[in-house]
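The values are calculated or read from the model by the stated rules, or taken from the named source; none is laboratory data. All figures in this text were calculated on a predicted structure; none of them were measured in a lab. Cβ sites come from the backbone with ideal geometry, for glycine too, and all protein chains shown count toward neighbours.
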Amino acid sequence: MNKDQRHATAAAELVEQVGRLIYSSSFKSGLNPAQWSALRYFSGANRQARTASAFARFHATTKGTATQTITALERKGLLRRLPMPGDRRSRLLEVTPAGDALLHQDPIGALVDAITQLALEQQQVFTACLENIIRHLFHR
């Protein structure tokens with residue numbers, strides 16, 4: 001293994017470790033990691049993207065899996081379905097006030113805090129690097 005491969009492997013292992021730490025801390029407040037991710041997604045998504053199909057596409061999962069996560073959040077009173085204006089078949093998903101309140105306890109906040117410790121330029125480079133990595137992984 002050459003020096004570049006060693007650095008890349010070390011970086012990949014660190015990213016994996018960060019993912020494991022966030023994942024394990026995301027069994028909190030009665031939610032699992034997928035539910036936290038969905039709640040976060042619907043909180044920040046624009047109106048057109050607040051559907052089960054758009055959520056499934058964004059998270060590279062099946063519509064059935066996405067629907068199970070959404071249904072669980074609805075049962076917990078954290079999401080609600082509203083009629084989609086102009087489309088009787090689709091439903092718009094909206095975070096409820098209880099969901100908004102719960103997002104203040106989002107386990108990803110610890111990661112956000114850690115990233116804000118970086119200088120702004122470092123944050124921008126870090127974000128660009130992660131975006132490039134994600135694009136590469138999606139196009140494999």
Segment 91-123 - residue that is touching a Ser or Thr at 6+ places or on another chain (Cβ under 8 Å) and in a loop (DSSP other than H, G, I, E, B) and, of those, surrounded by the fewest Cβ atoms within 10 Å (Cβ to Cβ): Ile108
Filtered residues of segment 30-44 (kept if surrounded by 13 or more Cβ atoms within 10 Å (Cβ to Cβ) and either of a type in the set (Phe, Trp, Tyr) or over 11 Å from the mean Cα position of the chain (by Cα) (or both)): Leu31, Asn32, Trp36, Tyr41, Phe42
Single residue of Leu78, Leu39 found to be more than 26 Å from Ile133 (Cα to Cα), touching a helix residue (DSSP H, G or I) at 6+ places or on another chain (Cβ under 7 Å) and at pLDDT 95 or above: Leu78
Hits in segment 75-90 (condition: assigned to a loop (DSSP other than H, G, I, E, B) and loosely packed, with under 10 Cβ neighbours inside 10 Å): Pro85, Gly86
Among the residues listed as Ile22, Ile70, the single one being among the β-branched types (Val, Ile, Thr), under 14 Å from Gly99 (Cα atoms) and surrounded by 12 or more Cβ atoms within 10 Å (Cβ to Cβ): Ile70
Criterion (in contact (Cβ under 8 Å) with a residue 40 or more places away in the chain, of a type in the set (Gly, Ala, Ser) and not assigned by TED's automatic domain parsing to the domain that holds Glu131) met by exactly one of Ala38, Ala34, Ala101: Ala38
Flag for Leu92 being among the hydrophobic types (A, V, I, L, M, F, W, C) and modelled with pLDDT of 95 or more: no
Which listed residue, of Ala60, Ala54, is part of a loop (DSSP other than H, G, I, E, B) and either of a type in the set (Phe, Trp, Tyr) or under 20 Å from Ile134 (Cβ atoms) (or both): Ala60
Among the residues listed as Thr65, Thr71, the single one being farther than 21 Å from Phe126 by Cα, within 15 Å of the chain's Cα centre (by Cα) and β-branched (Val, Ile, Thr): Thr65
